[in-house]
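What follows is a set of notes on a single structure, which appears directly below.
Just so you know, all these numbers are worked out from the coordinates, no wet-lab data involved. Since the structure is predicted, the reported quantities are computational estimates derived from the model, not experimental observations. When we count neighbours, we look across all protein chains shown, and the Cβ atoms used for this are built from the backbone with ideal geometry, even at glycine.
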Amino acid sequence: MIFAEKLEQTIQNAVPGVDHMTDGQFTVYYGELPEILRKINAFLNEGLKELQGQSSTQEAPCIAFECPNSVTGALTLFALLQQGQTVVLLPPSEADEQASALRPIPRFCAFRLSIRKAPSDATHQWLHQPASFLRLESHPDYVPAPEAETPAGALAPTLSPARLMLRTSGSMGASKLVVHDQDTLMRNALNCVEKYHFTREDRAIIPVPIAHMYGMGAELLPAILSGASIDILDRTNLLKYLDRERIFRPTIAFVTPGLCEMLLKGFRTVRTGYKVIVTSGQRISDGLLEAFDAKVGGCLVNQYGSSELGATAACDPGDPLELKMSTVGHPFPGVTLTLGAPPVVGEDRAENGAEADEGELHCRHPYGFLGYVDETGTWLYQAPPQGWYATKDLARRLPGGLLQVFDRAGNSVNRRGYLVALADVEKQLERLLGVEPVQVVRAGIETAQGQPLAAFCVSDQEPRPSGASLRERCKGELPPWAIPDAFYVLDTLPLLTTGKVDRQKLMMMAANPTLEG
Amino acid sequence: MSTTPTGNSALTNTASSTIDRLKLIISHQLDIKVDQTEIDSDVSLLEDGLGLDSIAIVELVSLLEENFGLKFEEEDLSMEPFASVRTLANYIDSMAQEQGKAQGLGEGLSAQEAQA
């Protein structure tokens, strides 16, 4: 149990009255952690026993934990991890009291755990009364996860030993859960401790959700495991950030390109107190990276990662700006990469240098995920140990092993406020229409409704189906925002000399439909 | 100095008329859909009230600088003044007084210097 051990160290080494976690409303010094976490765990154990008494008992019940960006949220997460309790970590449902507004949780979760908002006049004593801030309920639609009945050893149990699961932001509605082993997740976090040099003296400000892999795995866990102080911001806005920055004087921050843009407008003087500011989430434009990097004394780095693998590659804060703009630096310790088709098991092309310098990026992460389960707790995919993970990103390897990832942002677009991955739409259309391949590209410039899309496919049917008829078939089958605005059926798809589909040409055809044919 | 007239009028404004000017700026000059009469003086400008996001706040700050002839320093960018239209109006009034005083003092000095 790496978390429990490292937490113990954090508590042992904490300087009283200095090392702390805050959210602006509550502050807890690390010396207080044992007592508070014990109270939370006592409350949970009692609650689970009571609720389980009513229904059938299960060996390893899974809790769906809706974790807000607050001290109570983080403390509860720490308590669950300390006990090795299997959890599905979810962002909080918005409404506090209305049951109808609760987001659905996976069927195999026996319990839902959520955090009550503290009244504005709540005192520090609130943290010592878990019954006041925790709400534990049994899940009315609970159905136990199926036992793995395949040949012995083929499938690992989904719920034990200690797991932590995260929902992926699937753009097609049907979501899946990324399953992490908690110990492996901690090693992933310790990788970040090493990479970004988290120490007890650091102060890490967290303006991004701690219920997601980025905020939790790359910042919150590394901070608590290294004993750094923590400031958690909820619903970050510029004024709030500036207020808290003045008080907390952070040395480490994890942001998104959107936050960089926001902070750039508010930072009227150059920041010198930061050791490292990490940005991730989506590709950051060169102009924004350069401007924000200058405003923070040159300590901005772009991290490449995912819910599946956690932090995978990043530059070092001291790297030259050109390097930080064009690359995501070197892979994290232990991570191996390959471009193009992954090597056959048993061969290690990554070692002998005979592989391509450019292509689809595959990663082998020693501290990556175990696989995906669906909402019933059935394995959809189990990552083979030491297996290659297809990131679906295109990448290039520069001399010296520097990694350049591109086209990631180009693969997803905003449609009526939803982030839609073009590859997902293509896959769904291929399934639905029974044609392959389908290519989906941007069609012209973004409007208030989002990015217009066009779908292209080839059909040998006689007569050739019309684009409009294909589009009609999608209605009711796919979410409206995922249905491309125009469909074109061609004799053949335009190809590049490499044999790949010429997407640029498709985009031109989509922007000027008269060019078709 | 071209800003003097606005500076002076800001000085003579009472808090309530600053509130009205603020409401006008928010409803007419800021890129959000809200009617002047619908703005409650005590509602938050931020997430729980008018819902101005960070971009809108930055926009509002430059509009305030233009309209009131003031200069917002980074320490003025804080949650407290932006808690409501009323708190912001009070803040602007005291800023106008301070910055006006500084300006007036400067003018006074130069006047004295001219006399001397």
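Label point 7 Å out from A:R200 along Cα-to-Cβ: which residues of the range A:214-228 have amide N under 12 Å?
The answer is A:226-228.
List the aspartates and glutamates whose Cα lies under 15 Å from the Cα of A:K49, skipping any in the same chain that are fewer than 8 positions away.
Excluding near neighbours in sequence, the set is A:E59, A:E137.
Among A:D231, A:D491, A:D374, which comes first, then next, by fewest other beta-carbon atoms within 10 Å? Mind showing how you got there, number by number?
Values: A:D231 25, A:D491 9, A:D374 17.
Going from sparsest to densest Cβ surroundings: A:D491, A:D374, A:D231.
Within the range A:62-87, what residues put their amide N at less than 15 Å from the label point 7 Å along the Cα-to-Cβ vector of A:E8?
Those under the cut-off are A:82-84.
Given the pairs A:K475/A:K500; A:K195/A:K295; A:K392/A:K475; A:K240/B:K33; A:K275/A:K295; A:K240/B:K71, which are separated by over 18 angstrom at their Cα positions? Before the final figure, lay out the partial values.
Working: A:K475/A:K500 30 Å; A:K195/A:K295 22 Å; A:K392/A:K475 27 Å; A:K240/B:K33 23 Å; A:K275/A:K295 13 Å; A:K240/B:K71 20 Å.
From A:K475/A:K500; A:K195/A:K295; A:K392/A:K475; A:K240/B:K33; A:K275/A:K295; A:K240/B:K71, over 18 Å: A:K475/A:K500; A:K195/A:K295; A:K392/A:K475; A:K240/B:K33; A:K240/B:K71.
Can you sort A:R473, A:R112 from fewest to most other Cβ atoms within 10 Å of each residue's own Cβ? Don't skip to the end; give the middle numbers.
Values: A:R473 17, A:R112 23.
Ascending Cβ contact count within 10 Å gives the list A:R473, A:R112.
Calculate the FRET efficiency for B:K33 and A:T378 from the Cβ-Cβ distance with a Förster distance of 35 Å, rounded to the nearest 0.05. Working shown, then result.
On the way: r = 46 Å, r/R0 = 1.32.
It comes to 0.15.
Along Cα→Cβ, 7 Å out, is where each label goes; now give me the distance between the ones at A:D286 and A:K49 in nm to one decimal.
Placing both labels 7 Å along Cα→Cβ, they lie 6.4 nm apart.
To check my understanding: the extent here is largest minus smallest coordinate of the Cα atoms along each principal axis. What are those three numbers for the range A:210-311, in Å, largest first?
Sorted from largest, the Cα extents of the range A:210-311 read 35, 31, 24 Å.
Between rounded, prolate and oblate, where does chain A land on the alpha carbon gyration tensor, with a ≥ b ≥ c its root eigenvalues, rounded for a/c under 1.5, else prolate if a/b exceeds b/c? All intermediate terms of the calculation are to be shown ahead of the outcome.
Working: a/c = 1.68, a/b = 1.36, b/c = 1.23.
The shape class here is prolate.
Determine which aspartates and glutamates satisfy two conditions relative to A:K176: a Cα distance under 17 Å, and not lying fewer than 8 residues away in the same chain.
Once the sequence-local aspartates and glutamates are set aside, what remains near A:K176 is A:E66, A:E308, A:D374, A:E375, A:D424.
Per DSSP H run of n ≥ 4, the term is -39500 (n - 2.57); total these for chain A, divide by its residue number, and report the mean residue ellipticity at 222 nm rounded to 500 deg cm²/dmol.
Working: 14 runs with 142 residues, N = 517.
Counting only the DSSP helices, I get -8000 deg cm²/dmol.
Alpha carbon centre of the range A:376-399 versus the range A:228-263: separation in Å?
32 Å
What is the fewest-to-most order of B:V58, A:V438, A:V18 by other Cβ atoms lying within 10 Å of their Cβ?
Details: B:V58 19, A:V438 22, A:V18 12.
The most exposed by this proxy come first: A:V18, B:V58, A:V438.
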